[in-house]
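Working notes for the structure below.
The values are calculated or read from the model by the stated rules, or taken from the named source; none is laboratory data. Keep in mind that this is a model prediction, so the values were computed, not measured. With ideal geometry, Cβ positions are generated from the backbone for all residues, glycine too; neighbour counts draw on all protein chains shown. Accessible surface areas use protein heavy atoms only, side chains included; no ligands, DNA or RNA. Shrake-Rupley method; radii C 1.70, N 1.55, O 1.52, S 1.80 Å.
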Amino acid sequence: MTFDKEWGELRASAAAEQRTVHTRLNQTDPPGPLIPGLPDFSTSSSKKKAAVKALEDHVQPETKTAGECPDTASETAQKEFKDWATGSGITDALKGWHASVKALQDRLAAEKVALSTARKSFLLQDQANGGLFLPLLPDQDGKYPPNTPYSSGISQYGVK
């Protein structure tokens, strides 16, 4: 028996035995992280709003108050020790303290803005991604534009 003849017989028997195959999904992954033990990064608008409100109502004002608390005592000590090395040390420490408080306030403000605009950023990105598919969609008459990338040309033969 030649190779071509044997190959033809094998193909014919395989085609005769071929059955319709169906895929059935018994379950999906449970909600939560795909790998157990890792944090779930899903978010909710209500939690973001609550975090922004907490930042505005409590965290930022209380941080400002706490940042100003050592000012009066330190400034008094700075004046008392102005001619000593301790006075210049207190001055340097206060400058560092104020810089740290300002950096923290700036960071809190940035986090508040990020939480406020995260949903909007995701929405705009989704809309931009969806807009990339517009050239692939048919017009109102069901015809595809001639400059569609990777167009099949099957519509030229009247096949729908």
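Of all residues in the range 53-67, none are open to solvent by less than 50 Å² (accessible area, probe 1.4 Å) and of a type in the set (Asp, Glu).
Conditions tested, residue by residue: (1) at pLDDT 80 or above; (2) in contact with a helix residue (DSSP H, G or I) (Cβ under 7 Å, 6 or more places away or on another chain).
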| site | (1), (2) |
| --- | --- |
| 60 | yes, yes |
| 74 | yes, yes |
| 85 | yes, no |
| 88 | yes, no |
| 91 | yes, yes |
| 104 | yes, yes |
| 107 | yes, no |
| 128 | yes, no |
| 152 | no, no |
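Residues that are open to solvent by less than 60 Å² (accessible area, probe 1.4 Å) and not charged (D, E, K, R) were ranked within the range 68-87; the one that is farthest from residue 49 (Cα to Cα) is 87. Would it be correct to say that residue 142 is at positive phi and free of Cβ contacts under 8 Å to residues at least 60 places away in the same chain? Taking the combined requirement at face value, the residue satisfies it. Return a yes/no flag: does the range 11-26 have any residue that is among the charged types (D, E, K, R) and either in contact with a helix residue (DSSP H, G or I) (Cβ under 6 Å, 6 or more places away or on another chain) or modelled with pLDDT of 80 or more (or both). Yes, the range 11-26 contains a residue that is among the charged types (D, E, K, R) and either in contact with a helix residue (DSSP H, G or I) (Cβ under 6 Å, 6 or more places away or on another chain) or modelled with pLDDT of 80 or more (or both).
Restricting to the range 94-135, and then to whatever is touching a residue at least 60 places away in the same chain (Cβ under 8 Å) and open to solvent by less than 100 Å² (accessible area, probe 1.4 Å), can you tell me which residue is farthest from residue 82 (Cα to Cα)? Within the range 94-135, the match that is farthest from residue 82 (Cα to Cα) is 118.
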